[in-house]
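Worksheet: the structure to be examined is printed underneath.
The values are calculated or read from the model by the stated rules, or taken from the named source; none is laboratory data. Owing to the predicted nature of the structure, the values given are computational and were not obtained by experimental measurement. Here the Cβ positions follow ideal geometry from the backbone for every residue, glycine too, while neighbour counts run over all protein chains shown.
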Amino acid sequence: MARIYSSLLYQRIHLSAHRKKDGDIAARQFFLIADRTTEFLWNVTLPKLRAQKPKKHCSPGLHAVRTAGNITLPDYVQRILSLGPKFAVEPRKTAPELLSMARCIGKAAPDSEGVRCVSECVDVLCRRKPGANQQPVRQVEQFLRDSSLSVLPADKEGGFVVLTEAHGAR
C-alpha cells in the first residue's frame with residue numbers, strides 16, 4: 001500500500017512540475033520528509049511495543065526437558081538432562097597420562113631441579129584419590145538405554161525431548 005502511495009505521489013509531483021528536474025527535486029524532498037517522519041514514529045512506537053511484550057523469566061543454566069507420550073523420568077535423569085546439550089564432564093586423565101605429564105614438567109624444569117620435580121609429582125600422584133563423578137551421567141545413559149528412550153534437541157533454547165525409540169522411528 002505504501003508503494004502505491006509513493007508511486008502516486010511521484011506521478012502527481014511530476015504532472016504538476018513544469019520540468020522533469022523540478023519534479024525530481026520536489027519528489028526527493030517529499031520522500032525525505034516521509035522517511036524522517038516514519039523513522040520518528042517508529043522510534044516513538046517501538047519502546048511502547050517492547051513494554052507491552054511480556055518478558056521471559058527463565059532460570060539460567062536450566063533447560064526444559066519435554067517428554068512425548070506417557071514417559072516418566074526419574075529425578076536424577078531429569079536433573080542431568082536439564083543441564084542442556086552443552087553440559088560436559090571433564091575427562092579424567094589416566095595414571096600413565098599423569099605420569100607422562102610429570103615427566104614433561106621435569107624436562108621443562110632446570111637440569112638441577114628436574115629429578116626433584118618428577119619425584120614430587122609422583123609423590124602427589126601416589127597420594128591422590130581419584131574424585132568421584134558428581135553427576136551420574138553413566139547411570140542416565142544406562143537408564144535411557146534400558147528404557148529404550150532417545151534424547152533429541154527440542155528447540156533453539158537448548159532443551160531436550162525424550163522419545164521412545166518406536167516413536168522416534170516414525
- [ ] Need at least 3 residues that are in the same structural domain as R66 (by TED's automatic domain parsing) and modelled with pLDDT of 85 or more per element, so show me which helices (runs of 4 or more DSSP H) inside segment 76-159 make the cut, counting only ones lying wholly within it.
- [x] 137-146
Open item on the list: Please verify whether I33 is within 27 Å of S147 (Cβ to Cβ) and assigned to a helix (DSSP H, G or I), treating the condition exactly as stated.
Closed with: no
TODO: Give the residue, chosen from I25, I13, I71, that is within 19 Å of A154 (Cα to Cα), out of contact with any Cys (no Cβ under 7 Å at 6 or more places or on another chain) and surrounded by 10 or more Cβ atoms within 10 Å (Cβ to Cβ).
DONE: I71
